[in-house]
Structures are given as C-alpha cells and as structure tokens.
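The values are calculated or read from the model by the stated rules, or taken from the named source; none is laboratory data. For clarity, every value in this text was computed on a predicted model and none was experimentally measured. All Cβ positions, glycine included, derive from the backbone under ideal geometry; neighbour counts span all protein chains shown. Surface areas here come from the heavy atoms of the whole protein model, side chains and all, with no ligands, DNA or RNA. Shrake-Rupley method; radii C 1.70, N 1.55, O 1.52, S 1.80 Å.
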There are 2 protein chains.
Amino acid sequence: MQNKQIIYTNPPSAGINPSLNGGTFSLQTVSLADKDHLPADKILVRVHYLSLDPAMRQWLTAKRSYIAPVERGAVMRGQSIARVISVGSQLTDSPFQPGDWVLAYSGWQEYALLSSTEIQQIAFPPGGGTPTDALSVLGMTGLTAYFGLLDVGNPRPTDTVVISGAAGATGMVAGQIAKKVRGAKRVVGLAGSQAKCDMLVKELGFDAAINYKDADWREQLKKATPEYIDVFFDNTGGDILDACLARAARNARFVICGAISQYNATKPQGPASFMTVISQRITMKGFIVFDYAKQYGAALQDLSTWLAQGLIKRKETIVPGGLEAAPQALVDLYAGANTGKMMVEVAPVKPAARL
Amino acid sequence: MQNKQIIYTNPPSAGINPSLNGGTFSLQTVSLADKDHLPADKILVRVHYLSLDPAMRQWLTAKRSYIAPVERGAVMRGQSIARVISVGSQLTDSPFQPGDWVLAYSGWQEYALLSSTEIQQIAFPPGGGTPTDALSVLGMTGLTAYFGLLDVGNPRPTDTVVISGAAGATGMVAGQIAKKVRGAKRVVGLAGSQAKCDMLVKELGFDAAINYKDADWREQLKKATPEYIDVFFDNTGGDILDACLARAARNARFVICGAISQYNATKPQGPASFMTVISQRITMKGFIVFDYAKQYGAALQDLSTWLAQGLIKRKETIVPGGLEAAPQALVDLYAGANTGKMMVEVAPVKPAARL
C-alpha cells in the first residue's frame, strides 16, 4: 500500500514557496503496512480533509514559540478529518472502530498510522453536523474564538467589538458569539473583499463590515466605531491593529489572537500607535487555545448548542485537488482566498457518508 | 509684586526647543496682587521646586489622551513644591497657614494664586523627610511605581522583574519595591550610564543593571535574565520594550507606564517583537496613576513606612538656575541627565526650612 506525504524541505526566507519541486515542501511516496498487517498498537486512518491554519507559517520558523518547529525532512504538521480503516490488535478495547470519523494529528499525508492518543472521536452537534465541523466551529478555530472572545475580551452588552480577519474561520465565530450570544451593542468586522463584508452583515449579523482594501478604510473604521472600540479581537496585526489602537476606548481589551499580516514578514511591523496603550489604559493579551484544554468539553457543548440554535452559522472553503494542492492553498490562505475555515480535500467523501 | 511665568508658546514639531526666545516656551512677567490684597477665595504660594515629568511632552500634543493638552498662551502645566504666603479672607477656616509646605498645581511660575483644591498639605513620613519627597517617593512618581508594580505587574517571589528607566524617579521606586518589599527573585534595571548602573546595584539593591548605551546591551540583557522576564515595568518603550518582549517568559506581565524614548518622535516606533505577545501569552497593560486616586492614602502610608524603614531610598536631581532653567532641564530629562526625580529649584530653601 502506497502513501503520499508532503515533506517540509526548505525553510522559507519570507513567504512559502508552493512549488513541490524546489519549494518549501516536497512530495514523497512511501510504502505503508497493509491494513491486515498493522503494528499492534496503531490505528490506520484515511485522511479526508486537511486543516489549513494561519499559525502554520510560524511552525516553520526555528525560534522560541508555543510549539516546537516542524523538523526539516518531516511530514508537514497539521490536523485532519480522517476515517478509521483498521485498528491494531492490541487496541481492540479502544473506542475506535473502522468507519469512525476522527480528528487526527496526521500531518499532510493520505494515510497515517497513529497511536490512539493522536486521534479523537468526532462529537456531532445535537441537530446534526458534518465531519468537517470538527475542524471549524467545533474544532480549534471555534475554540480559539470562544476562549479569546469570552475569556480574554469579555464583551458587555454596551460594548463596541471589532474583529479583524472577520471572514476567517476564527473571526467569524468570534463575531457571531459577540453579537448573538453576548449581545454586544455593535460588532464590526474587517475583511478583504466586498463580498466577504456583505456576507458578514447580511448572513452573520455583524452591524457593519469594512473592506480593508478600500483606500478609505481608516475613515470607514472611524465612522463605524462612533463610541470607539471596547474589545478588539485581532487576527491580522499590522496596520489594522495600529488603526484599532488609535480608536481604542478607555479600558479597552485587545485580544491578540493572530497576526496573519506579519507571519511572512522578514521584519515584522510593530504597532506605531502603541502609546494609546497608556493614555487609554488598554489591556493587550495574547493567548494560545491549548492553555484552555481542560475547558474544551464545556466549550464544545456551548458551541454545539449555538450551532444547533442557528446563533452561529458555519462557512467552509474546501480546496479540491488532493494532497498536492495543500502548499498552494496555504499560500492562498495568507492572501485571504478563504471564507471561513479553509481545508484541502485529500479524498472526497461520498454524499451518503456526510452526517 | 512681580511674577515671572513660563508660557507655552510654539507647539514643538518633534523635540522641545528650550530657547526662551522663539522656542517652545517664552518668559513673561506679570503683576500679582499684593499679599495684603488677595482675592478672598485664593491662596498665594511661593513656588520652590518645579516637578519635571516625562509626560510633559505629551501634554503639548493636541490629540486624544488622558489629559487635555496645555493651551497655547497658557502658563506651562506642572506640579510644584510651594510654601503658603497668605490665605484669602474667605479661607480662614481652611487648614492652610502661612509657612505651610504644600504640593501645588501651580504651573511654571514663581508665585501662584490658587484655590484650596489646587494645593495639598504635605504629609511627612514618620522618620522625617524633606518637602521634595512629595514630588518623588511620596508623590505622583512614587504612587505611579506603587500601583504599576503592585497592581498591574504583581510580581511573585519566584519572578524575574526588569525595569527600564530604572534610575529615573518612578523606575527606581518600582525596582526597590519589587526587590525589597515583594522579594522578587531577580530585579534587573536598564539605565543610561555606568554610574547609574553602579548606583542601582550598590545602593538600591538591584541584582543587575545594564547600560543600554553599551553596544552589547541586548546580550547583557539575555545573560541577566536566564529565566526570562516575568514582569517588565516599562518607562522607555522603543528598542528596550522590543528586546524585553523577545525575552518575555510565558504569561509575562508588561506594565506600560511610559515611553520616554518615543515622546519626541514624529513617527513612533512600534515594538517589532510584538508577536511574542501571542506565543508567550503576554499581558501588556497601560495605566494612568489618576485612576487609583481613591487608594492614594493607603499607598502613601505604605510608601512612607518603607521609606522610614530604609526599604526605599530616595534620589533627586535638583537643577539650579531659577524658573528660566526649566525648559532646558526638561530637554535634559529626555536625554537622561537625571538620577531619580528631576526638579528645578525656583527659589532656594534655607537649610533650616528643610525638615
């Protein structure tokens, strides 16, 4: 049995080079144990959807961070939605059965031989859902929005909340929780196209949305935040963070979730309006969702309920083309090609298999 | 009776121009009511020491801040140590008597006619003190250090604490509280000369001090913080903030008290290492001491006790030359000419008057 893998090969100097010939990654094909001759302590899974995450660029940089960098020559790290093919003979008491949908720490490959701690059963929301929910609203991105918005930002009903990267997987969940669950007075999103902005307002209930590619976006931001910004949930960093600092209300909370505009920069841009941190008594707080692991269960229950109640709507961008499409899709993620969670379809799922 | 005043005249484009002929300020002499013909609701005071504060540059900039800018044509704003000359006839029930030392919101002038809400009695520490303590350890700078370090930074005995502007009025109090009162494991100061660094370690009990003008200061900072930085008390901003972000420990607290390196900049410098805010889960919090006004009394009691116990030592830089010396002294403050609180001696005090 053959298994295709994408290997991290050449550290990028700035942006990722998506070519599989001489670029950041390369493709290799290896032989995999037959499903009837598995190692006794492993589970064989078939990868269907690869998660693409803004943090991936950081994982390729060898510096002190919240997670060790991916080693050169290793399979590229990443979560996926996978299906169990077979279970090793020592693991017959495990809860996993062939056919189960699982969230897998598989990395970028078609198949993976994993230990039982590297996969998790997918819990579906009460009203039904799809396996890919486990990568979006009911996965790390939804959890990131949940803890960042509720624990770090903690918006009140009188607050103006601004979300950058608002049409991205995390941003759109954060904005919907702010508006629909917390009832914030005003929720404003920043996104990179008019179509995304229209979607935020018309479909997801944002009070206003601003296309940061418009020449007058700073002026629009000012008009959209007449009472300044109480909570800023930042996924982008750079100029947008800077402009929001300049619009911060007294005692504002700045949730520093990501900085996608800076991940490819050789020289990152610090926020020039930093001094409003003092004059407006701003609290800026970075967070990593892993620190909330003990509270995932309760959070997923909330998120499932809100999804079932229609308070949160899901959006996905699924890139076809198999495993080989992943490097270019990651580059496209940094260019903002996605609406909602971006995934690569490694192997299609027959309609009947969607739950 | 004649009164000399320094008037805010020309908004500076970047740094303050200290010339009294065409510079940022100008000198004027006005007539003042004789002490026997005072307005009935006013108190006449003689200014002895003007407070010079890093925040003053910001007060000259007309933008949204924690305090309205000084108006052009007005006496330059500032606190002073003054002595009551006479009390208006309506205020005979007030606690103020001729000869009392007071902390006065006088601005930059030799005499001031103030209402009773614009002056405060000076409370001396149990072991005795000098009137100028009310501008340093027992004044706004001491209070700023107290609330910033204890409420925002909140160091624990296992923590490494780093202080920038450590030989300045606020920094030296913050460092001494961290080391002597809180017993932080390691307290490291950054200052602008070898003499200041020696003073911090030998006189004030810092564990290490780094001259940021040394070419290898970043390397020295790394060596001085082998367990990274848990609490950073920042008075300078700029490159030092940036370097400390890169050395932050997980869950570090960054107390954003001031940014003296940036106040004269036409284009402020944002911290390029900002992304460690996410990877190390840093909390950066700006604060303004005025927000703690209700707790001043208790804080001053603590500070007085610590001063009397020798846990905190005081340092002052008193600039001679009268009122006219103030503009140049303010420029010198931004260049780091001071050790501890910087004041201008407007009128000397006879030795016998020192308490």
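As an exercise, identify the trypsin sites (Lys or Arg not before Pro) in segment B:211-277 lying in DSSP coil whose Cβ has no more than 12 other Cβ atoms within 10 Å.
B:Lys213
Pull out the extension gain between B:Lys222 and B:Glu324, defined as 0.36 nm times the separation in residues minus the alpha carbon to alpha carbon distance; nm, one decimal. Please report the intermediate quantities before stating the final value.
Values: separation 102, 0.36 × 102 = 36.72 nm, distance 4.29 nm.
So the extension gain works out to 32.4 nm.
Checking an interface number: how much accessible area is buried between A and B, summed over both chains, with a 1.4 Å probe, in Å² rounded to 100?
Summing both chains' loss of accessible area gives about 3000 Å².
Once the convex hull of the C-alpha atoms of the protein assembly as shown is built, how many Å³ does it hold per residue, rounded to a whole number?
Dividing the Cα hull volume of the protein assembly as shown by its residue count gives 182 Å³.
Rounded to the nearest 500, what is the 222 nm mean residue ellipticity of chain B from helices alone, with -39500 (n - 2.57) per DSSP H run of 4+ residues and division by all residues?
Numbers: 9 runs with 72 residues, N = 355.
Calculated from helices alone, the mean residue ellipticity at 222 nm is -5500 deg cm²/dmol.
Based on DSSP, what percent of beta bridges with both residues in the protein assembly as shown are antiparallel, to the nearest 5?
55
Among the lysines, select those whose C-alpha is under 28 Å from the C-alpha of A:Lys63, and discard any that sit fewer than 8 residues away in the same chain.
Straight-distance partners of A:Lys63: A:Lys267, A:Lys285, A:Lys294, A:Lys341, B:Lys185, B:Lys213, B:Lys222, B:Lys223, B:Lys285.
Apply the Debye scattering formula to segment B:295-339, with a single equal point scatterer on each alpha-carbon and no solvent, then give log10 I(q)/I(0) at q = 0.21, 0.33 Å⁻¹.
Here log10 of I(q) over I(0) equals -0.75, -1.14.
How big is the gap, in Å, between the Cα center of segment A:54-104 and the Cα center of segment B:194-264?
First find each Cα centre; the distance between them is then 40 Å.
Just how large is the dipole of segment A:140-290 about the Cα centre, in debye to the nearest 20, putting +1 at every Lys and Arg Cβ and -1 at every Asp and Glu Cβ?
Once rounded to the nearest 20, the dipole reads 300 debye.
What share of all Cα pairs of chain B, in percent, falls into each consecutive 10 Å distance bin?
Bins of 10 Å from zero give 5, 24, 32, 24, 11, 3, 0 percent of pairs.
Rounded to the nearest 5, what % of DSSP beta bridges with both residues in segment B:166-280 are antiparallel?
0
Quick one: what does P(r) look like for segment B:268-355 with 10 Å bins over all Cα pairs, in whole %?
Over segment B:268-355, the share of Cα pairs per 10 Å bin runs 12, 22, 33, 25, 6, 2 percent.
Tell me, which longest segment in chain A has none of the GluC sites (Glu not before Pro) that fall in DSSP loops with at most 15 further Cβ atoms within 10 Å?
Segment A:72-202 is the longest.
So, in nm, how far is label B:Gln90 from label B:Ala14 when the simple model puts each one 7 Å beyond its Cα toward the Cβ?
4.9
Relative contact order (percent) for segment B:84-172, with alpha-carbon contacts under 8 angstrom and 6 or more residues of separation?
Values: 65 pairs, mean separation 16.0, N = 89.
It rounds to 18 percent for segment B:84-172.
Ordered shortest first, which distances in nm separate the 7 Å Cα→C-beta label point of A:Gly22 from those of the other copies?
Shortest to longest, the spacings are 6.3 nm.
If I model a spin label at A:Thr158 and B:Gln301 as a point 7 Å from the Cα along the Cα→Cβ vector, what separation in nanometres do I get?
If labels sit at A:Thr158 and B:Gln301, their model points lie 3.1 nm apart.
Taking 8 Å as the Cα distance limit and 6 or more residues as the minimum spacing, I'd like the relative contact order of segment B:123-193 as a percentage.
Relative contact order comes out at 30 percent.
Using DSSP to call loops (not H, G, I, E or B), can you name the trypsin sites (Lys or Arg not before Pro) in segment B:42-110 whose Cβ has at most 10 other Cβ atoms within 10 angstrom?
For trypsin sites (Lys or Arg not before Pro) across segment B:42-110 that sit outside H, G, I, E and B with at most 10 neighbouring Cβ atoms in 10 Å, the list reads B:Lys63.
Tell me, how many Å apart are the Cα centres for segment A:270-311 and for segment A:107-144?
If you average the Cα positions of each part, the centres end up 21 Å apart.
Pairs of Cα atoms under 8 Å, at least six residues apart: use those to get the relative contact order of segment A:140-290, whole percent.
About 23 percent, as a whole number.
What FRET efficiency comes out for B:Lys294 versus B:Arg64 if R0 is 30 angstrom and r is the Cβ-Cβ distance? Round to the nearest 0.05. Present the calculation step by step, with values, prior to reporting the outcome.
Values: r = 25 Å, r/R0 = 0.82.
That gives a FRET efficiency of 0.75.
Measuring with a 1.4 Å probe in the full set of protein chains, what accessible area per residue, in whole Å², belongs to chain A? Walk me through the numbers on the way to the answer.
Values: 14000 Å² over 355 residues.
Heavy-atom SASA per residue in chain A reads 39 Å².
For the Cα atoms of chain B, what angle does the longest principal axis make with the long axis of helix B:296-308, in degrees from 0 to 90, nearest 10?
Value to nearest ten degrees: 80.
What part of the accessible area of chain A, given as a whole %, is carbon or sulfur when the probe is 1.4 angstrom?
Details: 7110 of 14000 Å².
C and S atoms contribute 51 percent here.
Between A:Thr117 and B:His37, what is the label-to-label distance in nm when each label sits 7 Å out along the Cα-to-Cβ direction?
9.0
Could you give the dipole magnitude of chain B about its Cα centre, charging the beta-carbon of Lys and Arg +1 and that of Asp and Glu -1, in debye to the nearest 20?
Approximately 780 debye in magnitude.
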